[in-house]
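Since the structure comes first, as structure tokens, the remarks are kept for the end.
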Amino acid sequence: MTRKALLLSAALGLCLAAEARAQTQTEPTRGAPTPAPAPAAAPDLQTPAVEPPPPSPTALPEGEDQIQFTADQLEYDNEQDVVTATGDVRLYRRSERLRADKVVWNRKSGQVVAEGNVVLVNPQGDSAYGDRIELTDTLKDGVVQNMLVVLDAGGRVAAQRGERHEDGSFTVHNAAYTPCAVSDSEGCPKEPTWKVTADRVVYEPDKKRLRYTGARVSVFGFATIPLPVFSHPVGGQSASGILSPDLRYNRTNGFQFALPYYLSFAPNRDLTITPRIYTNVLPVLQADYRELNSLGAFRLSAYGTYSRRADDLTVPVTPATSKNDFRGYLDAVGNFQLDPAWSASASLRLTTDRTFLRRYDISRDDRLRNNIRVERIDADSYFSINAWVVQTLRVGDRQGLQPYALPEIDYRRRMDDGLVGGRFEFQLNTLAIGRSDGQDSQRAFASARWDLRRLTNWGQEVTLTAYARGDLYNASHTNLTSVVSYRGEDGFHTRGIAAAAVDVKWPLIGSLFGGTQRITPRFQVVASPKIANLEVPNEDARAVDLEDSNLFALNRFPGYDRFEDSTRFTWGMDYALYLPGFSIDANIGQSYRISSRPTLFPDGTGLTDRVSDIVGRTVIRFRDFVSFTHRYRLDKDNLAFRRNEVDMTLGSRATYVQLGYLRLNRNINASLEDLQDREELRLGARVQIARFWSISGSTLVDLTDRKEDPTSLADGFEPVRHRVGITYEDDCLRLGFTWKRDYATTGDASRGNSYLFTLAFKNLGR
């Protein structure tokens, strides 16, 4: 390559570094008076209709300063010492590309000019468009007029004038930046949803950051938010800075203003500190730390303030019953994969009092569960060490009666029997549960299960099961448990469990209505001898209820502390119909117990009598437009609904209605808190009223009355809370307003209205 090639190479590097676009300038007539400067026009963010140069079809030179170029015509003026290349000029150097209609190099002045549909592409994929670019003879600095840069990572920068400095940075004047689309769905130009305009912008390549002076954020074409000094990272980088504010109002705390500040320690570690200021109470400070490392990820959130506590609803709020004190909340979650088999996880949630989370609208949970777990999983075994602690947030509950498990150890191993093709599963389990003011219990057991599955010549699927288990229990302070059937007996007790089962399915498949239907009758026999269940405590088998999911289970009690004895027959049927875009899945079933001795199941669970209630489930789906699920339990005597649960979604992803209804009408004794009857209605909807605008709402209504739950305070129609909002969301902006109302007062979390205003600028770094 000649000196011409070297200079063009350097010029290409400067152009790509500056990433500029220039419009053709009209030279003033000599001798004419200089007109007064016109008002600065807004920078043009639209992309010109010019195709970037494609990659070179041939191998490129290996030298750093060597370039490959093609042109329709090359001229040299000996008198003026000017080299001119015209006609679709293309220059290539390594991964850098330039295209122009004309490139002129004045060897006397050292000026290099590229003009006419100039397009530059750098190795990062950023494209710069222009009509004219002029460079000085040092090739280290230059001035560009009316520049536009389209970043491959998203976003574009336009300015009327730009300057590149020797340190590699550049300064632009009367500039604009936006990450938003500048054309609509039909390809027509449009104003971006938001953009940042500034008197002066400095780009520092080493820090990959844009710094603005005299900036203003324009939303929907209106300049709304002045930012005298402002900066943000580019190219998808993460950097420290202020995030979008949070503005809301509720009756308890008044107006709230929160301004998060984001600290980026590394690409995998960051901290967000959010002061929340209220008009009615003292501020709350929130901190969120996140980290992703080679073993896994964890997150830690903390809240803290100094305010009055008022947790007891049975007494009036007076200086004697409430005091100012530190109040806060800690939430930590972590998951770590130590090696392909071993993993560790933790979830910690602690708060200083029972109403802090609800008052500051952090969570509505009424119990906080803390858990630490270590697991080992491979193809045929499972091992875990698990510990958990529960903190109650229910007003009136005693914390001393809440259980903690330190620890629970579980080991399972499965293997083939090596004889008839069955499979064994062995399990060892131990659990220690304690309470500071209640019953303590410990449990250990060893079990073995054998399953053999066979298909007959007629297509029946037959499964044989045998199960045996030996238990060792120890209990103390059993008199502190109010429900007698949960207590067990003080001291050490052993228990043996055995069961055998035969399960037969006969799937019948055929065509129907152009699709496929499947009818599967099912029959099961389970036999188990009488078991000494009441001698041992019941910690994990309390919330029992007959459902379609446990109808054919070997043990229809949840957990391990209770096991269903006697012999029973269970029958049912599964039905499925699959058509193009449409499907139905349904099942129904019932069981009969041979033994006439009293059962362990509480009244109202559907399993108390020898003949059980009827349970079933129906699922209907039509494309992605309709999803309907109905679960039910019918009284065996009068077919009354004892459980009636409906979940339905109707509509598209943009516009839909969701409905949820649950009624538990089991007439269970009020002392069994795990099995209380209730009735509730859940409604939610979203309507897409325009391409980017939507209205949404949801409500929860308590329909429980005294007939269903004697302890309920509801009158049969008691709204719990509702929410209504309007949202605008496109590719780079989320704007919304939400009205929420709570109908219940819990401690110092008063009922009333709250309002939330959301404004989030997407693609503005973090």
The listed residue being more than 23 Å from the chain's Cα centre (by Cα), modelled with pLDDT under 95 and assigned to a strand (DSSP E or B), out of R617, R631, R642, R621: R642
Near pairs, Cβ below 6 angstrom, 6+ apart or cross-chain, from segment 613-635 (within 30 Å of R593 (Cβ to Cβ)) to any residue that is open to solvent by 20 Å² or more (accessible area, probe 1.4 Å) and of a type in the set (G, A, S): T618/A586
Pairs, first at negative phi in segment 259-270, second of a type in the set (A, V, I, L, M, F, W, C), C-beta under 6 Å, six or more apart: P260/L243; Y261/I242; Y261/I273; Y262/L243; L263/L271; S264/A239; N268/L292
Conditions (1) free of Cβ contacts under 8 Å to residues at least 40 places away in the same chain; (2) buried (at least 16 other Cβ atoms within 10 Å of the Cβ); number of the one not met by R359: (1)
Within segment 375-404, tally of residues that are open to solvent by 50 Å² or more (accessible area, probe 1.4 Å) and either part of a strand (DSSP E or B) or of a type in the set (S, T, N, Q) (or both): 9
First in segment 654-669 and on the phi > 0 side of the Ramachandran plot, second anywhere and part of a loop (DSSP other than H, G, I, E, B) and open to solvent by 60 Å² or more (accessible area, probe 1.4 Å), Cβ under 8 Å, 6 or more apart: N667/D603
Test: residue in segment 411-418 that is part of a strand (DSSP E or B) and open to solvent by less than 50 Å² (accessible area, probe 1.4 Å): no
Top-ranked residue of segment 744-766 - restricted to ones that are over 19 Å from F257 (Cα atoms) and either among the charged types (D, E, K, R) or modelled with pLDDT of 85 or more (or both), ranked as surrounded by the most Cβ atoms within 10 Å (Cβ to Cβ): D748
Qualifying positions in segment 94-117 - farther than 19 Å from Q80 by Cβ, of a type outside the set (D, E, K, R) and in contact with a helix residue (DSSP H, G or I) (Cβ under 8 Å, 6 or more places away or on another chain): L98
Criterion violated by S95 - all others in (1) open to solvent by 20 Å² or more (accessible area, probe 1.4 Å); (2) more than 44 Å from the chain's Cα centre (by Cα) satisfied: (2)
Members of segment 557-610 that are open to solvent by less than 30 Å² (accessible area, probe 1.4 Å) and among the basic types (K, R): R562, R568, R593
Test set (1) part of a loop (DSSP other than H, G, I, E, B); (2) open to solvent by less than 60 Å² (accessible area, probe 1.4 Å); (3) not aliphatic (A, V, I, L, M) - G660 fails condition number: (1)
Test: residue in segment 656-666 that is over 19 Å from V701 (Cβ atoms) and within 31 Å of the chain's Cα centre (by Cα): yes
Filter result for the condition that a residue is aliphatic (A, V, I, L, M) and part of a loop (DSSP other than H, G, I, E, B), over I531, I588, I509: I531
Filtered residues of segment 486-507 (kept if in contact (Cβ under 8 Å) with a residue 40 or more places away in the chain and of a type in the set (A, V, I, L, M)): I497, A499, A501, V502, V504
Sole residue being basic (K, R) and at pLDDT below 95, chosen from R394, R449: R394
Which numbered condition W450 misses (of (1) of a type outside the set (D, E, K, R); (2) more than 26 Å from R423 (Cβ to Cβ); (3) surrounded by 15 or more Cβ atoms within 10 Å (Cβ to Cβ)): (2)
Selection status of V544, β-branched (V, I, T), modelled with pLDDT under 95 and either under 34 Å from the mean Cα position of the chain (by Cα) or open to solvent by less than 10 Å² (accessible area, probe 1.4 Å) (or both): yes
R443 being over 30 Å from A302 (Cβ atoms) and modelled with pLDDT of 95 or more: yes
Filter result (out of contact with any Leu (no Cβ under 7 Å at 6 or more places or on another chain) and surrounded by 15 or more Cβ atoms within 10 Å (Cβ to Cβ)) within segment 291-307: E291, G296, F298, L300, S301, Y303
Condition met for V483 (surrounded by fewer than 19 Cβ atoms within 10 Å (Cβ to Cβ) and in contact (Cβ under 8 Å) with a residue 60 or more places away in the chain): yes
Matching entry among T351, T355 (being hydroxyl-bearing (S, T, Y) and touching a Leu at 6+ places or on another chain (Cβ under 7 Å)): T351
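The values are calculated or read from the model by the stated rules, or taken from the named source; none is laboratory data. For clarity, every value in this text was computed on a predicted model and none was experimentally measured. No Cβ is skipped: glycine too gets one built from the backbone with ideal geometry, and neighbour counts run over all protein chains shown. Each accessible area value is taken on the protein alone, full model and side chains, heavy atoms only, with ligands, DNA and RNA left out. Shrake-Rupley method; radii C 1.70, N 1.55, O 1.52, S 1.80 Å.
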